[in-house]
């Protein structure tokens, strides 16, 4: 489909009626692990599923079109996507990463650095002083995560790209929190975009996957070579389901971010809330930068609750929200980053990043906003001691005798 169409149209038509065998409207699922050769000296387009698969190619092409890239590579998870991008760095070269990145990202980077795969430096990418000092070290690869997970700090992508180009660094942006529907880092100058497609892109919490999209063909080919070499490419059925979920990305996010804004507005006015981290608020320090580089503020936010609010009790009393570590699905999820998504970070690293035990991260789904607000406020009444708590909990480690 022509790239002159708007992204919603591109996704609606991706793979539609492209089946050469039967002209089926829905793209077929190709599960074959291997493919026949007509001649031993003439390699076909597909020879082995690790190297390439028609179903995976459809998803790769769709994501590349959405992000405005030359080539996409679909892999088995979001962490596999990030690790694939790290193959662009050699031992002795420096990776510059945000100090407040996702806990799994922090764990991977520190583990790889300890093994000598590369040098590593963390910096507050919203601080001009820290950036100046960090770029003085001449990084080879700069990782950007904006909005950051879980504090939703906003990094000026254009500013980072300008600094990176001065020293010849590759810029890699994690676009998981917004998806290409709300932010396109390649258009802002980044070289590579990574995604956990598990999240908003799939949107149904039933597939784990990742993707890497390169702005230039040569870089995309290099990443595809490494993906084939290391065997991290995504499975055909996962690609089939992810493309199916991708088709509804725009209407889902439109609804989800509107609801998120409504919930944020209700919580921001509550005296039991110390701070709401959401770029859509004019009081957010990154609000203007977000407006300049995003098409919307997304469906993720975090809340720092006031002293006196029992955060664990709050989560236990939520009825609609599910306590879980993922995000971006049709269902609303909630977690405490300090003990869940960022538990692998040391207490010192959490403190530097600004992650406290009273911080709660919310992922807004497709439920009605009024119901979500009532659910949070009712749980907050119990957690803040303003309503009698009649629920008894077993001591930690105890088990119910009821089978």
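Each reported figure results from applying straightforward, stated rules to the coordinates on display, with no laboratory input. No experiment lies behind these values; they were computed from the predicted model shown. Neighbour counts run over all protein chains shown; Cβ positions are idealised from the backbone, glycine included.
Angle of helix 249-268 to the longest C-alpha principal axis of the chain, folded into 0 to 90 degrees and rounded to 10: 20°.
Available extension along the chain between residue 348 and residue 323 is 6.5 nm, counting 0.36 nm per residue and deducting the alpha carbon span.
Value of Rg to Rh for the range 7-246, rounded to two decimals, is 0.99; Kirkwood radius and Rg both from alpha-carbon coordinates. Against the main long axis of the alpha-carbon atoms of the chain, helix 217-230 sits at an angle near 80°. Approximating the spin labels as points 7 Å out from Cα along Cα→Cβ, the residue 31-to-residue 378 distance works out to 4.3 nm.
Projected onto their three principal axes, the Cα atoms of the chain cover extents of 76, 53, 46 Å, largest first.
Note on residue 19 and residue 270: the model spin-label points, each 7 Å out from Cα along the C-beta direction, lie 4.9 nm apart. Anyone know which of 84, 186, 314 comes out most mobile in the 10 Å Cα GNM of the chain? Judging by the Gaussian network model, the answer is 314. Extension gain, residue 248 to residue 158: 0.36 nm times the residue separation minus the Cα-Cα distance gives 29.5 nm.
The distance from the alpha carbon centre of the range 211-267 to that of the range 147-203 is 12 Å, rounded to a whole number. The length gained on full extension between residue 112 and residue 283, counted as 0.36 nm times the residue separation minus their Cα-Cα distance, comes to 57.8 nm.
The long axis of helix 54-67 is offset from the longest Cα principal axis of the chain by roughly 60 degrees. For the range 1-114, the Stokes-Einstein estimate of translational diffusion at 25 °C and a viscosity of 0.890 mPa s comes to 142 µm²/s, using the Kirkwood hydrodynamic radius over alpha-carbon pairs. With Cα atoms defining each centre, the range 65-97 and the range 38-57 are spaced 23 Å apart in the structure. With helices as the sole contributors, the chain gives -10500 deg cm²/dmol at 222 nm; each DSSP H run of n ≥ 4 counts as -39500 (n - 2.57), and the sum is divided by every residue.
Across the range 20-60, the volume of the C-alpha convex hull divided among the residues equals 86 Å³ per residue.
The equivalent ellipsoid of the range 249-383 has semi-axes of 21, 19, 15 Å, largest first, where each one is the square root of 5 times an eigenvalue of the Cα gyration tensor.
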